[in-house]
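Enquirer: My structure is below; once you've seen it, I'll send some questions.
The values are calculated or read from the model by the stated rules, or taken from the named source; none is laboratory data. Bear in mind the structure is a predicted one, so any value in this text is a computation, not a measurement. As a convention, Cβ positions derive from the backbone with ideal geometry for all residues, glycine included, and neighbour counts pool all protein chains shown.
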Amino acid sequence: MDWPHAPVHRLQEGGAYIVTCGTYRREHFFRGPDRLSVVRDNLLRLASEFDWKLQAWVVFSNHYHFVALSPASGRSLPDFLGRLHMQTAKALNDLDGESGRKIWFQYWDTLLTFEKSYLARLNYVHNNPVKHGLVHVATDYPWCSALWFDRKAERSFYRTVMALKTDRLNVRDDFQPASWT
């Protein structure tokens, strides 16, 4: 039986996952370029260490999203995120002269089993800074994979992803990020 007060994590299967995590009480702990970079840099490094292949990612002052391909199964996700949250919380608490302050809250993950759903979520994550009103063009937001995707993806694949509608997707994203400048 699932626990009714926490997100359910069914990570037996390998595949593409979308993950969202918010800060404790939606606090804007990571406001400012240096703090956003702490999360971004640790996310990129740890994803590689845990063999999660990031396909799209974005970091804000009070939450993040990513789409990634898991290793053989998704079972390493809790360890991956546990290390990410521990290391970023420690770095932030060190910056603020705090000790043991709770930074992260819960994360939500979804195994993406349909190609169109996967592609639409790539679009959603890449364009999330625009959705939240932080920039007019996603490639202008430095804590997002949109610029990388624009430069590295095959043009036909890029056009396919960016043409998909995202307004009816069910992605947990009821956060209001602070300005990043």
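Enquirer: With respect to VAL130, is the statement that it is out of contact with any strand residue (DSSP E or B) (no Cβ under 8 Å at 6 or more places or on another chain), β-branched (Val, Ile, Thr) and either within 18 Å of GLU27 (Cβ to Cβ) or not in a helix (DSSP H, G or I) (or both) true?
Expert: Criteria not met by VAL130.
Enquirer: Still on this structure, please answer the following. Out of everything in the stretch 135-161 that is polar (S, T, N, Q) and more than 26 Å from SER61 (Cβ to Cβ), what residue ends up being surrounded by the most Cβ atoms within 10 Å (Cβ to Cβ)?
Expert: The initial filter retains those residues of the stretch 135-161 that are polar (S, T, N, Q), namely 139, 145, 156, 160.
Now drop any that are not more than 26 Å from SER61 (Cβ to Cβ), which leaves 156, 160.
Numbers: SER156: 8, THR160: 15.
Here the answer is THR160.
Enquirer: Looking only at the stretch 89-117, filter to residues that are touching a strand residue (DSSP E or B) at 6+ places or on another chain (Cβ under 7 Å) and modelled with pLDDT of 95 or more; which one of those is farthest from LEU54 (Cα to Cα)?
Expert: Among those residues, the one meeting the criterion is ILE103.
Enquirer: Further question on the same structure: So in the stretch 35-73, with the set limited to residues that are small (Gly, Ala, Ser) and more than 21 Å from ASP173 (Cβ to Cβ), which one is modelled with the lowest pLDDT?
Expert: My answer is SER73.
Enquirer: Give me a count of the residues in the stretch 83-120 that are surrounded by fewer than 15 Cβ atoms within 10 Å (Cβ to Cβ), part of a loop (DSSP other than H, G, I, E, B) and among the hydrophobic types (A, V, I, L, M, F, W, C).
Expert: Here the count works out to 1.
Enquirer: Between residues in the stretch 149-163 that are over 14 Å from LYS116 (Cα atoms) and free of Cβ contacts under 8 Å to residues at least 60 places away in the same chain and residues that are among the polar types (S, T, N, Q) and in a helix (DSSP H, G or I), which pairs lie under 7 Å by C-beta distance while being six or more apart or on different chains?
Expert: ASP150/THR139
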